[in-house]
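The next block holds one structure in the form of structure tokens; read it before the comments.
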Amino acid sequence: MKQKSFEEALSSLASLCAESEKCKDDITQKAFRWGLSKDDAQKIAERLEEENFINELRFASFYARDKYRFAKWGRKKIEYMLKMKHIPQEYIDKALKEIPQEDYTEILTDLLRSKVKTTKFSSVQELRAKLFRFCASKGYEIDDISKTVNNVIKEIKIKEDED
């Protein structure tokens, strides 16, 4: 990739931030790939933040909302990934609180119903264990997993009883 000057990088990164939410970490990483020094990358990120192209709280909120709705990630995975992007914990906490519990539970329930259809199991205990591991890998919390897995298994038993 062609090395960019400070001004070219600033202009390109401002355009990138105008298109979609980015965090400081995204911007500095991109600047490094373009051959800018650490100091220049940080100066660009700070300038973009001053001009409100970058807003870490806004980024955290959009990121959390997108990941739980579209990738169907749980709060733990979202939190971990935001930490990897060096987002301050207070912003992560605020973003996670914006996720409505009712929607969160509904997404988890739908995810589990879909997973049950493609999971081979020989006992309810085996199914429960597989569903639990699946949800944990998606970053859901133990309490939410336990309640939702139990509800989905009850639905299956009710359907089995009806057949």
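The values are calculated or read from the model by the stated rules, or taken from the named source; none is laboratory data. All of these numbers come straight from a predicted model, not from anything done at the bench. Ligands, DNA and RNA are excluded from the accessible area calculation, which covers all protein heavy atoms including side chains. Shrake-Rupley method; radii C 1.70, N 1.55, O 1.52, S 1.80 Å.
Full-extension gain between residue 150 and residue 89, please, as 0.36 nm times their residue separation minus the C-alpha to C-alpha distance.
18.8 nm
Would you tell me the accessible area of residue 61, worked out with a 1.4 angstrom probe on the heavy atoms of the protein chains, in Å² to the nearest 10?
Using a 1.4 Å probe on the heavy atoms, I get roughly 10 Å².
When the convex hull of the Cα atoms of the stretch 10-163 is projected onto a plane and the area is averaged over all directions, what value comes out in nm²? Numbers along the way, then the final one.
Working: hull surface 44.6 nm².
Averaged projected area of the stretch 10-163's Cα convex hull equals 11.1 nm².
If you plug each phi of the stretch 22-28 into the Karplus form 6.51 cos²θ - 1.76 cosθ + 1.60 with θ = phi - 60°, what whole-Hz ³J(HN,Hα) values come out, in order, with x for Gly and Pro?
10, 10, 4, 4, 4, 5, 5
Run the 1.4 Å probe and let me know the accessible area of residue 110, rounded to the nearest 10 Å².
70 Å²
Checking the cross-link filter: which aspartates and glutamates have an alpha carbon closer than 19 Å to that of residue 117, excluding same-chain neighbours under 8 positions apart?
106, 126, 155, 160, 161, 162, 163
Lysines near residue 94 by alpha-carbon distance under 26 Å, same-chain residues fewer than 8 away left out - which ones?
Qualifying lysines at Cα under 26 Å: 22, 24, 67, 72, 76, 77, 83, 85, 138, 147.
Sequence neighbours fewer than 8 away in the same chain don't count; with that in mind, list the aspartates and glutamates whose C-alpha is under 17 Å from residue 4.
Leaving aside aspartates and glutamates fewer than 8 places away in the same chain, those within reach of residue 4 are 26, 39, 40.
Quick query: amide H of residue 74 versus all other amide H atoms, modeled in the peptide plane; which residues come in under 5 Å with a sequence gap of 5 or more or a different chain?
139, 140
Could you work out [θ]222 nm for the chain from helices alone, using -39500 (n - 2.57) per DSSP H run of at least four and dividing by all its residues? Round to the nearest 500 deg cm²/dmol.
-24000 deg cm²/dmol, from helical runs alone.
Karplus couplings for the stretch 29-39 from phi (6.51 cos²θ - 1.76 cosθ + 1.60, θ = phi - 60°), rounded to Hz, Gly and Pro as x?
Karplus values, whole Hz, x for Gly and Pro: 4, 5, 4, 4, 4, 8, x, 7, 6, 4, 4.
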